[in-house]
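The structure under discussion appears below in the form of structure tokens.
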């Protein structure tokens, strides 16, 4: 049984560690995709792209080609602003949702409706 | 006039000879005249040769470690450079191939190597293997068959192993919105099918309204161009602009 588990883990590790061809734009060095099988060079050339093989397992967002390797580029100021704005909006939405839930459950309790899962004090 | 008749006769003769090279189940019967046996045998051989000259079953190259390739058991036809001699070779178990099988010189980093099944002598029936920088023939070997290639990277590790008989492949990956999914090497668009699913879904609004709908699109068209977008719509029907996302994809190609 232990052997089966170890074999499964080994297979899983082998799978997650699989290498990829990362595809970049020739002009910006921005990563647009990655693939497990060697891409066709003529197909890439037709879109002004190139492929770089790497054993690193990385997501393609903010990935760039630099010094003959791949790396995550730093966030731009716009991206930072966007991330902050998203976080702030999410926080605000959380407060609003809590108030909506409080008002709704309170109103139902005042009407004598017995709620099984929620009570207004949970949202105060 | 005579010349025309002669040329016509030659054309008819060559057409007949071409037909004769086809496999014929009625050849070499017990009634075959002894003076026709050589001709008919050669015709059958020519047909078999056409079919089997590039035969390979199994002998798949796979990664074993940075310094070792595994070649699975199988059968292969190896030939000399002219194709005059064919040898049918076999291995019954997986064989490791390392740089000790290099045909000449020494291991070089950042180099593409080609792998061949070979017969060390004309009397051998068990295939052995050679690595070479030559894409056409290994050095110092008479009978060989190309199997595939690999790249010896800058750290002298074997990678990017490719088999010559990869007629069906499955490729997976990730692609961003508006990008085109790359064709696998050696395949055309018509030979491949692609399907995509969501990889990341970022839908954001700071409009302050109540979100009534999240509209996400993950698709790929026949030219392999990806659409991976998401936007939200508030209770006034106002939609935010599309946010670009990414897809996971599977490409299946067959030729």
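The values are calculated or read from the model by the stated rules, or taken from the named source; none is laboratory data. In this text the structure is predicted, and so the values were computed from the model without any measurement. Positions of Cβ are generated from backbone atoms using ideal geometry, with glycine treated the same way; all protein chains shown enter the neighbour counts.
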Q: For region A:95-110, enumerate the residues that are without any contact (Cβ under 8 Å) to a residue 12 or more places away in the chain and within 13 Å of another protein chain (Cβ to nearest Cβ).
A: A:95, A:96, A:97, A:100
Q: Go through region A:1-29 residue by residue and tally those that are more than 9 Å from chain B (Cβ to nearest Cβ), within 20 Å of the chain's Cα centre (by Cα) and at pLDDT 75 or above.
A: 2
Q.
So for region B:209-230 (the condition being touching a residue at least 40 places away in the same chain (Cβ under 8 Å), touching a strand residue (DSSP E or B) at 6+ places or on another chain (Cβ under 9 Å) and more than 30 Å from residue A:86 (Cβ to Cβ)), does at least one residue qualify?
A. yes
Q. Does any residue of region B:137-144 turn out to be crowded, with 21+ Cβ neighbours inside 10 Å and either under 13 Å from the mean Cα position of the chain (by Cα) or at the interface with another protein chain (Cβ under 9 Å from one of its Cβ atoms) (or both)?
A. no
Q | Residue ID - modelled with the lowest pLDDT, chosen from residues in region A:53-82 that are surrounded by 12 or more Cβ atoms within 10 Å (Cβ to Cβ) and in a helix (DSSP H, G or I) | A | A:82
Q) In region B:146-231, which strands (runs of 3 or more DSSP E) lie fully inside it and hold 3 or more residues that are facing chain A (nearest Cβ under 8 Å), out of contact with any helix residue (DSSP H, G or I) (no Cβ under 7 Å at 6 or more places or on another chain) and surrounded by 15 or more Cβ atoms within 10 Å (Cβ to Cβ)? A) B:158-163, B:168-176
(Q) I'd like to check something: does region A:78-91 contain any residue that is in contact with a helix residue (DSSP H, G or I) (Cβ under 8 Å, 6 or more places away or on another chain) and within 20 Å of residue B:177 (Cβ to Cβ)? (A) no
Q. Looking at residue A:50, is it touching a helix residue (DSSP H, G or I) at 6+ places or on another chain (Cβ under 7 Å), modelled with pLDDT of 65 or more, in a strand (DSSP E or B) and within 14 Å of chain B (Cβ to nearest Cβ)?
A. yes
Q) residue A:105 fails exactly one of the following numbered conditions: (1) in a helix (DSSP H, G or I); (2) within 21 Å of the chain's Cα centre (by Cα). What is the number of that condition? A) (2)
